[in-house]
1. Once both axes come from the Cα atoms, what is the angle between helix 264-287 and the longest principal axis of the chain, in degrees from 0 to 90, rounded to 10?
2. Taking θ as phi - 60°, what are the ³J(HN,Hα) couplings along segment 158-165 by the Karplus curve (6.51, -1.76, 1.60), each to the nearest whole Hz, with x for Gly and Pro?
3. Give, as ranges by residue number, the residues of segment 57-100 whose backbone N falls under 18 Å from the point 7 Å along Cα→Cβ of Glu43.
4. Under 26 Å between alpha carbons: how many lysine pairs meet that in the chain, if sequence neighbours fewer than 8 apart on the same chain are excluded?
5. Which value results when the Cα radius of gyration for segment 80-191 is divided by 2.2 N^0.38 Å?
6. Restricting the count to DSSP beta bridges whose residues both fall in segment 182-289, what percent are antiparallel, rounded to a multiple of 5?
7. What list of ³J(HN,Hα) couplings, whole Hz, do you get for segment 151-157 from phi and the Karplus terms 6.51, -1.76, 1.60, once you set θ to phi - 60° and write x for glycine and proline?
8. From the square roots a ≥ b ≥ c of the eigenvalues of the alpha-carbon gyration tensor of segment 28-129, which class results: rounded (a/c under 1.5), prolate (a/b over b/c), or oblate?
Amino acid sequence: MAAKILDGKAIAQKVRDEVREGVARFAAAHGRPPGLEVVLVGEDPASVTHTRNKERVSNEVGIRGRLRALPAGTTEAELLALIAALNADDAVDGILVQLPLPGHIREHAVLDAIAPAKDVDGLHPVNAGLLALGRPGGLAPCTPVGCMRLLAEAGVELAGARAVVVGRSHLVGRPMAQLLLAQHATVAIAHSRTRDLRAICREADVLVAAAGKAKLIGGDWIKEGATVIDVGMSRDDAGKLVGDVDFEAARGRAAWITPVPGGVGPMTIASLLEATLRAAEARVAKQRP
Ligand code: NAP
């Protein structure tokens with residue numbers, strides 16, 4: 001069986017079109033577009049590219065996206081002061097601080113300072129807590145939300161399915177497992193200390209690979225007919241972008257598979273736009289008398 005390709009580019013375009021319509025409705029109703037502030041400290045080349053993309057794509061759908069590029073020497077106190085100002089600014093609906101931060105700034109102190117209602121990356125403990133408790137109303141990290149949309153678009157039945165998530169980071173693995181659990185999958189989380197990862201992966205009806213290790217998962221680790229979501233992004237020896245899954249080998253066994261690039265990657269930004277619109281709508285709904 002040759003797997004069907006889950007085309008993240010096409011699905012992300014669909015999400016962006018939906019957001020564009022929602023943004024236009026919001027702007028017409030409230031006299032301003034939703035606002036997204038992307039905060040970058042330093043000049044890490046990958047982070048510069050990511051943040052510029054986020055600013056550009058948000059403006060393309062009508063969101064007022066703004067990149068705040070701060071010098072590498074910015075102190076933690078200066079960054080916290082900026083976040084406090086953005087929290088207080090009524091025209092700002094979403095705040096995203098690009099990670100990783102320089103070593104002299106404590107990541108937790110910064111993430112915890114973002115108002116939960118504006119935390120479009122879903123990394124504040126309040127939002128992580130709501131997700132873990134299975135309570136609605138919070139904001140979840142964009143990459144796993146994008147993965148869930150891919151699964152929905154493929155029409156994968158999650159209730160009762162065995163799902164395996166490889167990776168337990170706060171950005172991808174953990175929230176991914178929570179979102180799958182909320183859809184009634186039976187979820188296992190694997191990590192670097194997991195014994196016999198191959199045997200665990202072979203049980204997965206839905207396999208989400210988020211280890212960041214090039215081609216960690218071989219073709220014979222895939223259950224026949226599984227859905228494979230490859231979040232990993234690494235460079236191989238030739239400098240080519242590759243995922244955690246041996247794509248060519250796995251596509252002979254899977255029913256659905258995401259390519260790298262062109263799978264999960266485009267969905268992350270699309271989910272950020274969606275989260276900004278949702279955050280804006282939720283904030284104005286709360287302010288209504
Ligand atoms: P991370 O914080 O480094 O976490 C990696 C996780 O994988 C950890 O939980 C680690 O286990 C686990 N792991 C590492 N080696 C393993 C192995 N050999 N076997 C089993 N588990 C292993 O990375 P992340 O931020 O979650 O990102 C993961 C990957 O996704 C990276 O390649 C990243 O570039 C990519 N990513 C892509 C997007 C996108 O938009 N496409 C977005 C975010 C991330 P321990 O906890 O035991 O260390």
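1. With rounding to tens, the tilt is 40 degrees.
2. Result, rounded to whole Hz: 8, 4, x, 6, 8, 10, 10, 10.
3. Residues 68-75, 100 qualify, since their backbone N sits under 18 Å from the label point.
4. 20
5. Rounded to two decimals, the normalised Rg is 1.17.
6. Around 20 percent of the beta bridges assigned by DSSP in segment 182-289 are antiparallel ones.
7. Values, residue by residue: 5, 5, 5, 7, x, 6, 7 Hz.
8. It is oblate, given that a/c is not under 1.5 and a/b is not larger than b/c.
We did not get these values from a lab; they are worked out from the coordinates using the rules stated. All of these numbers come straight from a predicted model, not from anything done at the bench. Cβ: placed from backbone, ideal geometry, glycine included. Neighbour counts: every protein chain shown.
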